[in-house]
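Notes for the one structure printed next.
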Amino acid sequence: QVQLVESGGGLVQPGGSLRLSCTASGSIFTIYYMGWYRQAPGKQRELVAIITSGNKSDYSDSVKGRFTISRDNAKNTVYLQMNSLKPEDTAVYYCNLLGSRAMIYWGQGTQVTVSS
């Protein structure tokens with residue numbers, strides 16, 4: 001099995017920055033994509049950013065120009081650099097991964113709170 005562990009969440013003031021990390025471990029053979037989702041209280045989980053095995057990335061319109069997703073294939077790690085954070089970015093951020101046999105894995109989530 002594959003386990004995803006996120007880190008880097010916390011409390012930050014509006015306009016500040018955070019860098020989230022997600023490292024996959026376990027029986028990893030192929031990673032087709034890794035991505036970040038978020039879920040705020042009372043709202044649906046939404047895609048934030050995704051990066052494919054071909055290093056193609058895509059972003060939610062709400063974070064374009066502010067967030068950057070990247071990956072380190074050697075470390076099986078995906079990062080989300082979040083700049084110019086806004087209160088509406090407050091959510092639990094989840095890492096996910098599409099691996100072999102169309103298996104999808106989720107991390108436990110890390111809380112990001114943007115507040116003054």
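Return the residues of region 59-79 that are of a type in the set (D, E, K, R) and open to solvent by less than 80 Å² (accessible area, probe 1.4 Å); say none if nothing qualifies. Steps first, answer last, please.
Of region 59-79, the ones of a type in the set (D, E, K, R) are 61, 64, 66, 71-72, 75.
The answer is Arg66, Arg71, Asp72.
Just to verify a result, which residue in region 7-24, among those that are more than 21 Å from Ser57 (Cβ to Cβ) and assigned to a strand (DSSP E or B), is most open to solvent (accessible area, probe 1.4 Å)?
Within region 7-24, the subset more than 21 Å from Ser57 (Cβ to Cβ) is 10-16.
Okay, now just the ones that are also assigned to a strand (DSSP E or B), so 10-12.
Details: Gly10: 24, Leu11: 132, Val12: 21 Å².
Residue satisfying both the conditions and the ranking: Leu11.
State which residue is surrounded by the most Cβ atoms within 10 Å (Cβ to Cβ) when the search covers only region 41-54 and only residues that are out of contact with any helix residue (DSSP H, G or I) (no Cβ under 9 Å at 6 or more places or on another chain) and assigned to a loop (DSSP other than H, G, I, E, B).
So, considering only residues that are out of contact with any helix residue (DSSP H, G or I) (no Cβ under 9 Å at 6 or more places or on another chain) and assigned to a loop (DSSP other than H, G, I, E, B), the one surrounded by the most Cβ atoms within 10 Å (Cβ to Cβ) is Arg45.
Here is a list of conditions, (1) at pLDDT 95 or above; (2) more than 17 Å from Val5 (Cβ to Cβ); (3) among the β-branched types (Val, Ile, Thr), and Thr30 meets all of them except one; can you say which number that is?
Against the list (1) at pLDDT 95 or above; (2) more than 17 Å from Val5 (Cβ to Cβ); (3) among the β-branched types (Val, Ile, Thr), Thr30 comes up short only on (1).
Answer yes or no as to whether Leu4 is more than 20 Å from Ser115 (Cβ to Cβ), assigned to a strand (DSSP E or B), hydrophobic (A, V, I, L, M, F, W, C) and modelled with pLDDT under 95.
Working: more than 20 Å from Ser115 (Cβ to Cβ): yes; assigned to a strand (DSSP E or B): yes; hydrophobic (A, V, I, L, M, F, W, C): yes; modelled with pLDDT under 95: no.
Taking the combined requirement at face value, the residue does not satisfy it.
Looking for whichever is open to solvent by 10 Å² or more (accessible area, probe 1.4 Å) and without any contact (Cβ under 8 Å) to a residue 60 or more places away in the chain here; the options are Ser100, Ser84, Ser116, Ser27. Which one fits?
Details: Ser100 fails: without any contact (Cβ under 8 Å) to a residue 60 or more places away in the chain; Ser84 fails: without any contact (Cβ under 8 Å) to a residue 60 or more places away in the chain; Ser116 fails: without any contact (Cβ under 8 Å) to a residue 60 or more places away in the chain.
Result: Ser27 is the single residue among Ser100, Ser84, Ser116, Ser27 that is open to solvent by 10 Å² or more (accessible area, probe 1.4 Å) and without any contact (Cβ under 8 Å) to a residue 60 or more places away in the chain.
Take the conditions among the hydroxyl-bearing types (Ser, Thr, Tyr), in contact with an Asp or Glu (Cβ under 7 Å, 6 or more places away or on another chain) and surrounded by 11 or more Cβ atoms within 10 Å (Cβ to Cβ) and apply them to Tyr37. Does it pass?
On the way: among the hydroxyl-bearing types (Ser, Thr, Tyr): yes; in contact with an Asp or Glu (Cβ under 7 Å, 6 or more places away or on another chain): yes; surrounded by 11 or more Cβ atoms within 10 Å (Cβ to Cβ): yes.
When the stated conditions are applied, Tyr37 passes them.
Looking at (1) without any contact (Cβ under 8 Å) to a residue 12 or more places away in the chain; (2) closer than 19 Å to Gly10 by Cβ, find the lone condition where Thr90 falls short.
(1)
Of these, Gly109, Gly42, which one is on the phi > 0 side of the Ramachandran plot and at pLDDT 95 or above? Before the answer, list the steps.
On the way: Gly42 fails: at pLDDT 95 or above.
One residue alone meets the criteria, Gly109.
The values are calculated or read from the model by the stated rules, or taken from the named source; none is laboratory data. Treat the numbers as computed from the prediction; the structure is a model and nothing was measured. Positions of Cβ are backbone-derived with ideal geometry, glycine not excepted, and every protein chain shown enters the neighbour counts. Please note that ligands, DNA and RNA were not included when accessible areas were found on the heavy atoms of the full protein model with its side chains. Shrake-Rupley method; radii C 1.70, N 1.55, O 1.52, S 1.80 Å.
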